[in-house]
Each structure stands twice: as structure tokens, then as C-alpha cells.
Amino acid sequence: SPLLIGFIYYKKWKNKNAKARKQIKVTETIQGFDPSFDLTDFLNKSKIIAEKVVAAWCEGDMNPARCYISAGIFQRFQIQMRLLKEVDGIKNIMNNFQVIDQEVLMISNYNDYLTVHLKLKCQAQDINAPINLSKQQMEGIVNQASIGNYEEVYSFSRKISAQSVQGKDLIHNVCPSCGASSPFSHNANKCQHCGSIFNSGEADWVLSEITQMIEWNPARYQTEEKFTQKNLHLPTSIQIIEDRGR
């Protein structure tokens, strides 16, 4: 028993150290392009974006989260919600959603865009309920649901030339391009001062893909990165082209 317990603790220590080394390597790689990049700030931002995306999904309207997600994800989620409502007659609810752990899996560098692939371990009461239920009936189903854990990979993309400035982002209601205060709703997805598109990835990280952990295949990104390195004349990244093609 003591040997088994010691082995378990050793494995946990080894995994924790490996994770810490990977975070350091990621930070150093991104700081090669952006000296002011701070991994802790990035993780906090990604957590807030995940919470906003889930909240918008549960409300059945992705517009409140539109400025944080790419055009491809926005359109895909809108279509999925419409199919659930009109075809299946149900609504997906993720009550008490919480991000409980984050881990950077890898970085993809496609010509002029950098993508950080981040594994999120989350928990929520994930249920599907008929849309014709009353509010009280819906609350009853939600309250009876158990909390479950799941893992997804969130891919955040940003132009390599972009530079991090603490507090200069939409999380702080500031345009990441010009730095002007953005007092109005971000639903317009466009800065009222400089006209920049919030979810373009030109100035700040944008969620460009969500992948179920069971479907995660790092070899795919490694192959695509090798392809772009041999075709430097391509105008943008495969990640962005794929997103806009959806």
C-alpha cells in the first residue's frame, strides 16, 4: 500500500511538472512575437470567454458573445440552436457552468496567425429539455440534474503582429485596436470609433474552434503547419481559411 500511494503521488508530481514546463515553453514562444504576453492574463481571458459563450448558448442567442468568437463558430452555433428548436423541439441548458482547469496543449503557427489550443476541463448540469415546458417545469428539471465533468479544446487565434496591452480588450469594454472605450453593446461587432471588426483576430485573441477532447488530433495541426511552411505565399492561416469557409 505505501508503495502504491507513493507511486500515485509521484505520477501526479510528474504530470504537474510536465504541465508547468509546457506552460513556460508556450509563454516563451509567444513572447518571441509579443514580449508583453502574460499566460495568466490569457487564461483568465479564455475562461471569461468560455463563460460568455456558454451563457449565450443557454439563452439561445449567440449575439452577446459574437465579438469573442469567429464568424464560423457564430454561424455554426446559430444553426445548431435553430435545429434543436425547430427540428428536435428541445433546448440545451448548461446550468452552473464552471471552468475547473486549463492546460495549453500546443501552439500552431500558420504564416501570419498564431493559434493556442487550450484544453478546458469544465463542469455543468448539462440537460436537454422540451421547449414547450413552463418556466417552473424547466427549473424543476434543471434542479434535479446532476453535475457532470467534460473536456473540450478551445482554439484561440490572433495575428502574430498583435501586441498584448493589459486591460486593452473587450473584457474591459475597450476596443483592442484603438483603445477607445466601448460603452455600447458589442453585438454590432464593430468599434464605433475606428471601425475595426472585434472578432477578426487582428488585435486580440478570438475563439476560432471548439473541439471535443475525444476528437482532438494534434497531428492534424502539425501537418497543416508543415504545409504552410512550404507555401509561405499563402495570404493567411489554414485555421482562418477553414473558419471563414464554414
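Could you please find all residues in the stretch 33-80 being of a type in the set (Asp, Glu), part of a helix (DSSP H, G or I) and over 13 Å from Ile171 (Cα atoms)?
Glu59
Considering the stretch 19-56 alone, what residues qualify as being of a type in the set (Gly, Ala, Ser) and either closer than 16 Å to Leu118 by Cβ or within 17 Å of the chain's Cα centre (by Cα) (or both)? Show your work before the answer.
First pass over the stretch 19-56, keeping only residues of a type in the set (Gly, Ala, Ser): 20, 32, 36, 46, 50, 55-56.
Listed by number, the residues that qualify are Ala20, Ser46, Ala50, Ala55, Ala56.
Might you check whether a residue that is basic (Lys, Arg), touching a helix residue (DSSP H, G or I) at 6+ places or on another chain (Cβ under 9 Å) and open to solvent by 70 Å² or more (accessible area, probe 1.4 Å) occurs anywhere in the stretch 190-205?
yes
Inspect the stretch 157-167 for any residue being more than 30 Å from Asp38 (Cβ to Cβ) and of a type outside the set (D, E, K, R) and give the result as yes or no. Outline the logic, then answer.
Let us first name the residues in the stretch 157-167 that are more than 30 Å from Asp38 (Cβ to Cβ), namely none.
Looking for residues that are more than 30 Å from Asp38 (Cβ to Cβ) and of a type outside the set (D, E, K, R), one finds none in the stretch 157-167, hence no.
With respect to Gln125, is the statement that it is of a type outside the set (Gly, Ala, Ser), surrounded by 12 or more Cβ atoms within 10 Å (Cβ to Cβ) and assigned to a strand (DSSP E or B) true? Walk me through it before giving the result.
Details: of a type outside the set (Gly, Ala, Ser): yes; surrounded by 12 or more Cβ atoms within 10 Å (Cβ to Cβ): yes; assigned to a strand (DSSP E or B): yes.
Here the answer is yes, as Gln125 does meet what is asked.
Does Ile131 satisfy being over 13 Å from the mean Cα position of the chain (by Cα), open to solvent by 40 Å² or more (accessible area, probe 1.4 Å), at pLDDT 90 or above and of a type in the set (Val, Ile, Thr)? It would help to see each step written out before you state the result.
On the way: over 13 Å from the mean Cα position of the chain (by Cα): yes; open to solvent by 40 Å² or more (accessible area, probe 1.4 Å): yes; at pLDDT 90 or above: no; of a type in the set (Val, Ile, Thr): yes.
No, not satisfied.
Kindly provide the set of residues from the stretch 192-219 that are small (Gly, Ala, Ser) and more than 14 Å from the chain's Cα centre (by Cα), ordered by number.
If we filter the stretch 192-219 for residues that are small (Gly, Ala, Ser), which is where we start, we get 195-196, 200-201, 203, 208, 219.
Once the filter is applied, which keeps residues that are small (Gly, Ala, Ser) and more than 14 Å from the chain's Cα centre (by Cα), the stretch 192-219 yields Gly195, Ser196, Ser200, Ala203, Ala219.
Among the residues of the stretch 51-90, write down those that are open to solvent by 70 Å² or more (accessible area, probe 1.4 Å) and out of contact with any Phe, Trp or Tyr (no Cβ under 7 Å at 6 or more places or on another chain). Full working, then the answer.
First, the residues of the stretch 51-90 that are open to solvent by 70 Å² or more (accessible area, probe 1.4 Å): 51-52, 59, 64, 66, 75, 79-80, 82-83, 85-88.
Glu59, Pro64, Gln75, Ile79, Gln80, Arg82, Leu83, Lys85, Glu86, Val87, Asp88 - these are the residues of the stretch 51-90 that are open to solvent by 70 Å² or more (accessible area, probe 1.4 Å) and out of contact with any Phe, Trp or Tyr (no Cβ under 7 Å at 6 or more places or on another chain).
The values are calculated or read from the model by the stated rules, or taken from the named source; none is laboratory data. What you see is a predicted model, and the numbers here were worked out from it, not measured in a lab. Here Cβ is always computed from backbone atoms with ideal geometry, including for glycine, and neighbour counts include all displayed protein chains. SASA here: full protein model, heavy atoms, side chains in, ligands and nucleic acids out. Shrake-Rupley method; radii C 1.70, N 1.55, O 1.52, S 1.80 Å.
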